[in-house]
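Working notes for the structure below.
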Amino acid sequence: LASIWRARAGAVKIDAGRIGDCMASLGARPALIDDVDAGPVDEEGLFHLINAVRGAGSTLLLTARRFPSAWGVRLPDLASRLKTAATVEIHEPDDHLLAGVITKLFADRQVEVEPHVVQYLVRRIERSLATAMRVVERLDGTALERKTPITRALAAETVSAMDEGQGEFEI
């Protein structure tokens, strides 16, 4: 979602540990710091970035696995800014949504898949959109290679291979 926002907003992606290095080239453009809590944060840089973005009337999107209160921020002024920031929690998709996403991903590729195959995938893959995209891509590629339809057996083989680390790849 952050990548989609970044593309649509024309935002600059900034590394959480090197915020100060990017400040001069940012101007009034929106900024994105993805997975801000994944490693050490340039707290002073983040504080100044928040102020600069606010002063320019621009936008800053921070993504993280944890709420800002759990980041262990030591700089009091930054902690204060983060407390006033709007936060939204995005949950993993439920069965119905994940099934709809998988069905749409196959439809986007003009591939028809039986509903029982989709339900099989919903019950066995990690509950994330990224995983759904990887599985659909892998299944479509394998089916094209073998010139066969996507069946439950092929889905089982693909999920098993991906669980064992065979064929994992970045999108």
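Quick note: the coordinates plus some simple rules give every number you see, no bench work behind them. Keep in mind the model is a prediction, meaning the values are calculated, not measured. Positions of Cβ are generated from backbone atoms using ideal geometry, with glycine treated the same way; all protein chains shown enter the neighbour counts.
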Per-residue ellipticity at 222 nm for the chain, helices alone: DSSP H runs ≥ 4 residues times -39500 (n - 2.57), over residue total, nearest 500 deg cm²/dmol?
-16500 deg cm²/dmol
How long is the gain from Leu144 to Asp15 if the chain were fully straight, where each residue apart is worth 0.36 nm and the alpha carbon distance is subtracted?
42.6 nm
In the list [x] 40; [y] 32; [z] 24, the entry giving percent of Cα pairs over 29 Å apart computed from the coordinates is [x]
Residues in the stretch 111-137 near a label at Asp163, defined as backbone nitrogen under 20 Å from the 7 Å Cα→Cβ point?
116-137
Give the distance, in whole Å, between the Cα centre of the stretch 100-167 and the Cα centre of the stretch 35-84.
38
What is the distance, in nm, between label points placed 7 Å from the Cα along the Cα-to-Cβ direction at Ile4 and at Leu129?
0.4
Can you list the HN-Hα couplings for the stretch 106-123, worked out from phi with the Karplus curve (6.51, -1.76, 1.60; θ = phi - 60°), rounded to whole Hz and with x for Gly and Pro?
5, 4, 4, 9, 6, 10, 8, 10, 5, x, 5, 6, 4, 5, 4, 5, 4, 6
Counting sequence-distant residues (5 or more places) and residues on other chains, those with an amide H built under 5 Å from that of Leu61 are Ala31, Leu32, Ile33
Rounded to whole Hz, the Karplus (6.51, -1.76, 1.60) HN-Hα couplings of the stretch 71-88, x for glycine and proline:
7, x, 5, 9, 7, x, 5, 5, 4, 5, 4, 5, 5, 8, 6, 6, 10, 9
Of the stretch 16-51, those with amide N under 15 Å from the point 7 Å along the Cα→Cβ vector of Thr87 are 35-38
Which whole-Hz couplings ³J(HN,Hα) result when phi for each residue of the stretch 47-63 is put into the Karplus expression 6.51 cos²θ - 1.76 cosθ + 1.60, θ = phi - 60°, listed in order with x for Gly and Pro?
4, 5, 5, 4, 5, 5, 5, 4, x, 7, x, 9, 10, 10, 10, 10, 10
Mark the label point 7 Å from the Cα of Arg65 along Cα→Cβ and return the residues of the stretch 24-39 whose backbone N is within less than 20 Å of it.
33-39
Just rank Lys83, Lys147, fewest to most, by other beta-carbon atoms within 10 angstrom.
Lys147, Lys83
What relative contact order, as a whole-number percentage, does the chain give when Cα pairs under 8 Å and 6 or more residues apart are counted?
15
